[in-house]
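Note sheet for the following structure.
Any read-out appearing in this document is the output of simple, stated calculations on the displayed coordinates, not a laboratory observation. Because the structure is predicted, anything quoted here is derived from the model rather than measured. Cβ sites come from the backbone with ideal geometry, for glycine too, and all protein chains shown count toward neighbours.
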Amino acid sequence: MYPSDRTLHRFIRMAPQATSVVAAIRKFHPYSMLSDEEVFFLNALCSTLSEPARVAELGCYVGGTTCIFGEATPAGSVVEVYDLFLHNGASRQRLRDDPLFQPESFFGIWERNTAPYKDKVSLNRGDLLETCKANIEPLDIAYVDIVKHPSLINAMMHFYSRVKLGGLVLHQDYFHWQSPWLVYQMEYLRDYFDLIGDVGHNMAVYRKSRSLDAVKSVDFLTLPVDEIFELFDRAIDRYKASKAGMLKVSKLRLALEIAPERQQQITSDIETNHSDSPRVVRYLRALQASQKDLKVMW
Ligand SMILES: C[S@@+](CC[C@H](N)C(=O)[O-])C[C@H]1O[C@@H](n2cnc3c(N)ncnc32)[C@H](O)[C@@H]1O
């Protein structure tokens, strides 16, 4: 049913060259926040599933990723969609000229954009912390693009537990500084998920290898701080160049909240070793610009 590791590695290798395929996919689908490589990978993965699948899509925005799952999964598949559908400042600005624009919610825009796939969609509108409780069916794929706040990290265990052995967890924002909790969580769960590889700028792909029963009540927000940073450093050590730098920015985001005394050392490491990476520098500047709001986010 699931593509083998070899097939997934092939998709990962092909992704950077797949620009014409991606241009065609993008023409048919609404805006998504994914890079070209990530669009190619998701589409290729879903297109190779040999039987109807159950996918949980955590964070859909205006439906760009919903449409990829809707179109590329086999007939009879179910896409469980989770979102608040409430604007932040950026989406209110970006979508203001859409004929279905509403000042509070972008739900109408998502609904229009995903209408061709409505037979596959199982909608879960509202705060994921509440809506996740309604679903317990086993999952083939959990696609995670929602953990921009620590309050959501423990709820991920509900979805990981539902993923079948051999099924996949796709972390869209593994390398992004706004999702640091995922980095140490997945490192903590290394005996339960095999890392297959990473795609594009931000996505990491895992295959579930063991039941999570033994760790299902771990509280990822109260792990000892030293343990959290050890787990983080182990993740960073796997990567070189800009991916290591991006994870260090993510680690800095976490340090600002839970270990401010580490901030200076992490910042100087990033500036010394990654100032040649425009993406790392951009992420660092973005984090520094939003630093004053982090207290509120936490
Ligand atoms: C980065 S966007 C998803 C982007 C989409 N996957 C794409 O590529 O176009 C993250 C989404 O998570 C949703 N979200 C954030 N916190 C949430 C929560 N607590 N419950 C439900 N949805 C939430 C936001 O409304 C937003 O649409």
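Below is a table of values for the structure above.
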{"read-out": "Neighbourhood net charge (11 Å Cβ-Cβ; Lys/Arg +1, Asp/Glu -1) for Ser179", "value": "0"}
{"read-out": "Nearby lysines by direct alpha-carbon distance to Lys216 (threshold 22 angstrom, same-chain neighbours under 8 apart not counted)", "value": "Lys133, Lys148, Lys164, Lys208"}
{"read-out": "Cα centroid separation - the stretch 216-286 against the stretch 136-206, whole Å", "value": "18"}
{"read-out": "Lys/Arg +1, Asp/Glu -1 at C-beta; the stretch 225-297 dipole; positive extreme among Leu254, Tyr239, Ser277", "value": "Ser277"}
{"read-out": "When the convex hull of its Cα atoms is projected in every direction, mean area for the chain (nm²)", "value": "15.2"}
{"read-out": "Selected from Ala134, Ala255, Ala241 as most flexible by GNM, with the chain as the system and alpha-carbon contacts under 10 Å", "value": "Ala134"}
{"read-out": "Cβ-based charge dipole, the stretch 4-53, positive-most Cα from Ala18, Ala44, Thr7", "value": "Ala18"}
{"read-out": "Extreme residue, positive dipole direction of the stretch 5-215, given options Ile153, Val62, Pro116 (C-beta unit charges)", "value": "Pro116"}
{"read-out": "The stretch 225-297: projected area of the alpha-carbon convex hull, averaged over directions, in nm²", "value": "4.6"}
{"read-out": "Test item: Cα-centred dipole of the stretch 5-215, Lys/Arg +1 and Asp/Glu -1 on Cβ, debye", "value": "200"}
{"read-out": "Kyte-Doolittle mean at least -1.0, axial Cα span of 27 Å or more - DSSP H helices of the chain", "value": "278-297"}
